[in-house]
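Let me begin by presenting the structure, written as structure tokens, before commenting on it.
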Amino acid sequence: MIHSQGLSKSFRIYKKKAGLKGSILSFFHREFETKMALSPIDLDIKKGEIIGLLGPNGAGKTTLMKMMTGIIVPSSGKLEVLGCEPEKRSRQLRKKIALVMGQKSQLWWDLPAMDSFYLIQKYYEIPNVDFQKRLKKLSQLLDVGHLLEVHVRKLSLGERMKVELMACLLHEPEVIFLDEPTIGLDLIAQQNIRKFLLEYHREKKPTLILTSHYMADIEALAERVILLIEGKKRFDGPIADFENVLGHNKTLYFTFTEPVEDRSFFEAFLPKWEHNNKRVEISLAAEQLQSVASEILQQYKVTDFGTEKTPIERVLSELMKNPMLAGGQ
């Protein structure tokens with residue numbers, strides 16, 4: 001579905017000193033800086049995959065998505081989406097892809113969503129029978145039938161995101177790009193969007209490329225993770241492998257009735273102390289779990305304890321601090 005080889009993008013950034021003097025000087029002599037937004041990257045994405053695109057702000061995630069949708073032209077390398085070169089913006093490709101950006105609207109702000117849907121029907125040449133059938137199905141799945149005649153500017157953020165998703169799916173695209181689709185939404189709205197996307201994917205089997213700073217989105221939806229840091233691909237593989245990048249250790253936490261004064265016992269397990277030394281998280285190998293937990297329960301007054309695998313947020317945080325932990329890919 002998507003193939004890239006040596007794909008890269010650089011931008012020329014114009015610099016100007018502040019004030020009138022700076023403006024006059026820049027008129028005669030401009031200073032530029034070249035920024036590499038995306039280093040040469042190779043990708044192969046198959047039909048029906050759900051890809052989680054991770055990385056800090058400025059890592060190149062949105063740049064990569066915009067190149068895949070033809071909004072930005074690559075500086076070098078090869079890129080094919082559904083056998084087409086996106087930057088040529090062929091009619092054939094545009095009818096098979098969709099892009100939803102959580103911070104930008106594709107609907108007419110001062111019109112009801114239904115008016116925008118009719119325009120989309122004409123743009124994508126959707127037969128009326130198919131259009132009405134999809135409209136009914138999607139409005140039921142998203143529970144927005146009562147909102148279609150309401151002006152978009154009157155909708156809440158969560159309601160607007162639902163009709164935005166509807167708009168991008170009316171032509172049943174084969175590849176869907178979702179850039180921060182749950183940004184700014186409350187927990188219930190986020191869960192509803194995730195549930196809908198999973199149900200839609202099970203039925204239609206499109207390829208989904210998703211970026212999000214909410215790790216719950218990635219864990220709930222993605223089967224494969226691609227990590228970008230400073231424009232370079234640092235990881236590409238199953239989400240289970242990503243969770244184990246830092247090792248297969250378990251995270252064990254304890255809450256004590258009183259602050260722990262002597263912490264020497266915990267030092268070998270990379271402790272993270274909280275609440276004035278009344279709560280600790282330690283990292284240890286699975287085979288150590290029983291003996292270490294037993295020792296702590298005997299020596300200290302514990303009010304609560306439990307174990308969990310290393311959270312994906314912590315893995316991402318550590319890799320952002322030290323990208324070499326994942327190795328270059």
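The values are calculated or read from the model by the stated rules, or taken from the named source; none is laboratory data. Quick caveat: nothing in here was measured; it's all calculated off a predicted structure. We place every Cβ from the backbone using ideal geometry, glycine too, and count neighbours over all the protein chains shown. Just so you know, the surface numbers come from the protein's heavy atoms only, side chains and all, with ligands and any DNA or RNA stripped out. Shrake-Rupley method; radii C 1.70, N 1.55, O 1.52, S 1.80 Å.
Only one of Leu165, Leu147 is within 27 Å of Leu228 (Cα to Cα) and surrounded by 12 or more Cβ atoms within 10 Å (Cβ to Cβ); which?
Step by step, each of Leu165, Leu147 is checked, and only Leu165 is within 27 Å of Leu228 (Cα to Cα) and surrounded by 12 or more Cβ atoms within 10 Å (Cβ to Cβ).
Among the residues that make up region 132-152, is at least one of them on the phi > 0 side of the Ramachandran plot and either touching a strand residue (DSSP E or B) at 6+ places or on another chain (Cβ under 8 Å) or assigned to a helix (DSSP H, G or I) (or both)?
no
Can you tell me which residue is most open to solvent (accessible area, probe 1.4 Å) among those in region 301-318 that are at pLDDT below 75 and touching a strand residue (DSSP E or B) at 6+ places or on another chain (Cβ under 9 Å)?
Lys309
Farther than 17 Å from Leu157 by Cβ, touching a residue at least 60 places away in the same chain (Cβ under 8 Å) and either of a type outside the set (Asp, Glu) or open to solvent by less than 60 Å² (accessible area, probe 1.4 Å) (or both): does that describe Leu111?
Here the answer is no, as Leu111 does not meet what is asked.
Of all residues being under 14 Å from the mean Cα position of the chain (by Cα) and over 17 Å from Lys61 (Cβ atoms) in region 177-207, which is surrounded by the fewest Cβ atoms within 10 Å (Cβ to Cβ)? Just the residue, please.
Gly184
Given the criterion of a type outside the set (Asp, Glu) and at positive phi, identify the matching residue among Gly22, Gly6.
One residue alone meets the criteria, Gly6.
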